[in-house]
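Chemist: Input: one structure, supplied below.
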Amino acid sequence: MGWLSIIMVVGAVSAWTVLDLAKHPVWLISWGVVGFAGLVVEAVNCRSRSIGGVARIMVVAALLRGIGLLIVPTLSSDIYRYAWDGQVALSGANPYLTTPDATELIPLRSALWQRVDHRDIPTVYPPLALASFALASAGPIPIMTLKVMYGSLDLLSVWLLIGILRNRAIHPGWAVGYAWNPLVVLETAGMGHVDSLGVLLLLAAVASTDLRRERATGLAVAGAVLAKAVPVVALPLWLRSTHWVSVAARSRFVVAALATLFIVSGTWLWRLGGIPPGWFKFGVSWEFNGPLFEPLWRTLGVLAIPDIVTAGLDTLKDWTGQHGYWNRFYPYNYPQFLAKLLLAGSLAWFLVRAWQAATLEIGLRRVFFGVLLFSATVYPWYLLWVLPWAVVTRRVSYLVLSALALISYVPQLMGQPVFPLYWSVMWGGFGAAWLAERWRQDREHNA
């Protein structure tokens with residue numbers, strides 16, 4: 001593992017010397033290719049079983065994240081929105097109802113405000129995430145504070161991941177697939193994404209489940225949902241988990257998780273008067289690199305499906321006489337929105353099947369990959385939710401996907417469309433790796 005440690009650190013230092021990766025996409029891709037090639041080799045081999053090997057994993061992981069802190073967060077502007085939302089919350093205004101462009105927030109405007117994108121949309125982040133933003137914004141250097149915070153939390157995730165692997169008698173060397181993953185380092189310590197907070201809490205939930213600490217598990221699962229809403233789709237995995245040895249144990253988990261979510265989310269949503277308006281705007285408007293979404297909405301357009309829907313709405317208007325009622329649906333009758341409706345229904349079916357997985361970690365991998373598969377928006381950092389469970393279930397194809405995900409930055413930086421070229425490389429490459437892995441597994445099973 002020594003040579004790989006050197007390659008990873010040298011690659012990270014090379015990326016740091018560039019500082020602004022948005023202006024040097026070749027460096028970004030090169031660092032990723034070299035680092036991922038080593039990760040795949042290490043994940044396949046995993047020879048050393050010494051305590052020193054585990055210590056080396058942690059030391060190199062810490063070093064990589066330390067170097068990542070020096071990278072300027074220019075590949076994504078999310079961290080600037082975090083800091084802005086934190087300042088708004090500290091000012092006493094409500095970031096869920098007040099947009100960055102609101103006139104009442106003019107006194108807060110600064111150079112930070114200039115870096116905020118989508119200034120016409122209120123925040124979309126749940127209360128625990130917002131609390132972390134406010135905590136970082138209370139100090140003099142909120143951007144670096146956020147990077148240090150989320151990079152440190154991610155390092156704790158590495159430690160928990162190693163413990164989970166050991167509990168399952170899996171060689172801890174597999175942890176490098178997450179601990180030394182260039183994408184993970186880039187998106188946590190480098191770009192400072194809040195997803196690391198939710199991932200840590202989910203890992204803590206699995207670790208607590210292994211220890212039969214039902215209340216701690218419930219609190220951790222609830223915390224993950226309050227950090228970023230997407231883990232709510234994983235809640236049924238714990239509700240039907242075979243880890244609970246009795247009805248009382250299951251009840252302790254349910255009470256801790258659902259009571260926390262009900263009290264915090266209920267209070268939060270009640271004060272807002274319903275679902276945050278930013279969530280609706282995100283669901284309707286955001287579109288980027290969805291694996292099924294990109295070809296689906298184009299196919300619906302070619303087949304003239306919106307015209308068929310329009311004809312159906314016209315018929316319903318004439319049949320019911322409720323013209324005002326049916327007229328409200330016409331603005332949403334376009335290929336992209338129809339594709340999202342179809343994918344939402346498909347996701348529901350997929351999740352029901354994923355909840356029936358044989359083990360908790362397999363279920364988590366399938367659930368979060370399903371969210372990516374049927375989503376209209378897949379940014380590179382969304383893979384942080386899948387990678388720990390791909391490592392625990394030893395699926396190398398997902399490491400390949402995390403490598404290819406860096407390619408999706410290129411069209412944004414070059415002002416080019418992601419579909420069809422970059423979309424094909426990323427998802428086609430992953431599909432080939434996934435099929436090859438399944439073929440190998442079937443061959444070994446039948447041998």
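We did not get these values from a lab; they are worked out from the coordinates using the rules stated. Just so you know, these numbers come straight off a predicted model, no measurement behind them. Neighbour counts run over all protein chains shown; Cβ positions are idealised from the backbone, glycine included.
Chemist: Positive end of the dipole of region 290-376, charges at C-beta (+1 Lys, Arg; -1 Asp, Glu), about the Cα centre: which of G363, H323, F350 has its Cα farthest in that direction?
Modeler: G363
Chemist: Hey, another quick one. In the chain, how does Rg compare with the Kirkwood Rh, expressed as the Rg/Rh ratio over alpha carbon atoms?
Modeler: Here the Rg-to-Rh quotient is 0.97.
Chemist: Once both labels are modelled 7 Å past Cα along the beta-carbon direction, what's the V72-D117 spacing in nm?
Modeler: Reported label-point gap for V72 and D117 is 1.7 nm.
Chemist: What shape does region 388-447 have by the C-alpha gyration tensor, where a ≥ b ≥ c are the square roots of the eigenvalues, rounded means a/c under 1.5, and otherwise prolate means a/b greater than b/c and oblate the rest?
Modeler: The shape class here is oblate.
Chemist: Evaluated at 4 °C with a viscosity of 1.567 mPa s, what Stokes-Einstein diffusion coefficient in µm²/s does region 122-226 have when Rh comes from the Kirkwood expression over alpha-carbon pairs?
Modeler: Once the numbers are plugged in, D ends up at 89 µm²/s.
Chemist: How many nm separate the modelled label positions at I275 and V247, each set 7 Å beyond the Cα in the direction of the Cβ?
Modeler: Once both label points are built, they end up 3.6 nm from each other.
Chemist: Over the chain, calculate the relative contact order: mean separation of alpha carbon pairs under 8 Å at least 6 apart, over the residue count, as a percent.
Modeler: Working: 602 pairs, mean separation 77.0, N = 447.
Over the chain, the number comes to 17 percent.
Chemist: Here's something else I'd like to know. What does the extension gain come out to for T99 and A131, with contour length at 0.36 nm per residue minus their alpha carbon separation?
Modeler: The span from T99 to A131 would gain 9.7 nm if fully extended.
Chemist: Next up: Based on a Kirkwood Rh over C-alpha pairs, give the Stokes-Einstein translational diffusion coefficient of region 290-376 at 20 °C and viscosity 1.002 mPa s in µm²/s.
Modeler: The calculation lands on 145 µm²/s.
Chemist: Still on this model: So how far, in whole Å, is the C-alpha centre of region 131-202 from the one of region 251-266?
Modeler: 25
Chemist: With the cut-off at 27 Å, tell me which of the pairs K317/K340; K23/K340; K147/K340; K228/K281 have Cα atoms farther apart than that.
Modeler: Details: K317/K340 24 Å; K23/K340 33 Å; K147/K340 33 Å; K228/K281 16 Å.
From the list (K317/K340; K23/K340; K147/K340; K228/K281), the Cα-Cα distance tops 27 Å for K23/K340; K147/K340.
Chemist: Is any helix in the chain, taking whole DSSP H runs, at least 27 angstrom long along its axis by alpha carbon and on average at least -1.0 on the Kyte-Doolittle scale, and which ones?
Modeler: 25-45, 142-167, 247-272, 335-354
Chemist: Once the piece of chain linking N333 and R440 is laid out straight, how much longer is it, given 0.36 nm per residue of separation minus the C-alpha distance between them? Please list the in-between numbers first.
Modeler: Working: separation 107, 0.36 × 107 = 38.52 nm, distance 4.40 nm.
Separation in residues times 0.36 nm, less the Cα-Cα distance, equals 34.1 nm.
Chemist: Return the FRET efficiency for the residue pair S91, L156: r is the Cβ-Cβ distance, R0 is 25 Å, and the value is rounded to the nearest 0.05.
Modeler: 0.25
Chemist: Separate question: For the chain, what does -39500 (n - 2.57) per DSSP helix run (n ≥ 4), summed and divided by total residues, give at 222 nm, in deg cm²/dmol to the nearest 500?
Modeler: -20500 deg cm²/dmol
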